[in-house]
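Undergrad: Supplied in structure tokens, the structure appears directly below.
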Amino acid sequence: MIDIAGIEVVPMGTHSLHLRLDDFPTATIAAALRALNLEGVSDVVPAESTMLVRCEHKSARRSVVENLNEILSVGNVAEREVNVEPLEIEMVYDGQDLEIVATACGMSVEEVIHRHLSSEFVAAFCGFAPGFAYLSGLDPLLHLPRRETPRTRVPAGSVSIAAMYSAVYPNPSPGGWHLLGTTDATLWNVESDPPALIEPGRRVRFVRKS
């Protein structure tokens, strides 16, 4: 194991690296690594607090380690986060769980909507389904555990919250998140490049559709 700026860097397999970034924005670091286009780095996969860097050979792994100190400097990280252009997603607050969320959080439906609209989101990582981005930055007063009983089918375009995240379901699927509303935005399209509308590191804000 190597310690770089307080981050655990552990070899994974023959050439790759596994990073634990508890105190750093994982998606932002991943985006910075991708932007370097380092030779031999085939993929950078961020998770909630860890990241896998897939390398094709040992020299690529050395190159990643050599570049981490600069990428992880506090000034660099803050600057990269600010410079990511926010993506606006129009939505209608017509979700089945709006009143349930309001009651659980001890506030009115309009206050739930206001706090969701005012949250500054960043796609922390993607998972569960293609195009499903976990958006960090949800107002702490809206943090709720997932539903006790998941739905067997959640429609595509459903805007939801659970724990510390908000998300949009890209396709119909089972789901246990609280549904706040809907959007017409296409979150996943295999014919687009990239296919995911929201990639890790992207800033997102929701806009109420009139």
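The values are calculated or read from the model by the stated rules, or taken from the named source; none is laboratory data. Only a predicted model underlies this, so the values are computations on that prediction, with no experimental measurement involved. Ideal geometry is used to build each Cβ from the backbone, glycine not excepted, and the neighbour counts take in all protein chains shown.
Undergrad: Scanning segment 116-133 for residues that are out of contact with any Pro (no Cβ under 9 Å at 6 or more places or on another chain) and within 23 Å of ASP184 (Cβ to Cβ), which turns out surrounded by the most Cβ atoms within 10 Å (Cβ to Cβ)?
TA: HIS116
Undergrad: While we're looking at this one, here's another question. Within segment 145-176, which residues are closer than 25 Å to THR26 by Cβ, of a type outside the set (Ser, Thr, Tyr) and surrounded by fewer than 18 Cβ atoms within 10 Å (Cβ to Cβ)?
TA: PRO145, ARG146, ALA163, MET164, ASN171, GLY176 - these are the residues of segment 145-176 that are closer than 25 Å to THR26 by Cβ, of a type outside the set (Ser, Thr, Tyr) and surrounded by fewer than 18 Cβ atoms within 10 Å (Cβ to Cβ).
Undergrad: Show the residue pairs meeting these rules: Cβ distance below 8 Å; 6+ apart or different chains; first residue within segment 117-146 and in the same structural domain as ALA47 (by TED's automatic domain parsing); second residue in a loop (DSSP other than H, G, I, E, B).
TA: So the pair list comes out empty.
Undergrad: What is the one condition in (1) aliphatic (A, V, I, L, M); (2) loosely packed, with under 15 Cβ neighbours inside 10 Å; (3) part of a loop (DSSP other than H, G, I, E, B) that ILE198 does not satisfy?
TA: Condition not satisfied by ILE198: (2).
Undergrad: Considering only segment 98-134, how many residues are hydroxyl-bearing (Ser, Thr, Tyr) and either part of a strand (DSSP E or B) or closer than 19 Å to THR50 by Cα (or both)?
TA: So the count comes out to 1.
Undergrad: Same structure, new question: Got at least one residue in segment 63-80 being surrounded by 20 or more Cβ atoms within 10 Å (Cβ to Cβ), on the phi < 0 side of the Ramachandran plot and modelled with pLDDT of 85 or more?
TA: The answer is yes; a qualifying residue exists.
Undergrad: For residues that are basic (Lys, Arg) and outside any strand (DSSP E or B), tally how many sit in segment 135-151.
TA: Number of matching residues: 2.
Undergrad: Could you please give the count of residues in segment 187-210 that are under 17 Å from the mean Cα position of the chain (by Cα) and either in contact (Cβ under 8 Å) with a residue 12 or more places away in the chain or in the same structural domain as PRO46 (by TED's automatic domain parsing) (or both)?
TA: Result for segment 187-210: 14.
Undergrad: Take the residues in segment 163-210 that are out of contact with any helix residue (DSSP H, G or I) (no Cβ under 8 Å at 6 or more places or on another chain) and hydroxyl-bearing (Ser, Thr, Tyr), then tell me which one is farthest from LEU98 (Cα to Cα).
TA: Among them, the one singled out is SER192.
Undergrad: Can you go through VAL168, VAL159 and tell me which one is under 19 Å from PRO46 (Cβ atoms), in contact (Cβ under 8 Å) with a residue 60 or more places away in the chain and under 17 Å from the mean Cα position of the chain (by Cα)?
TA: Just one listed residue meets the conditions, VAL168.
Undergrad: Going through segment 152-179 one residue at a time, which ones are more than 27 Å from ASP22 (Cα to Cα) and in a loop (DSSP other than H, G, I, E, B)?
TA: PRO155, ALA156, GLY157, PRO170, ASN171, PRO172
Undergrad: In segment 1-18, is there at least one residue being modelled with pLDDT under 85, part of a helix (DSSP H, G or I) and more than 24 Å from SER136 (Cβ to Cβ)?
TA: no
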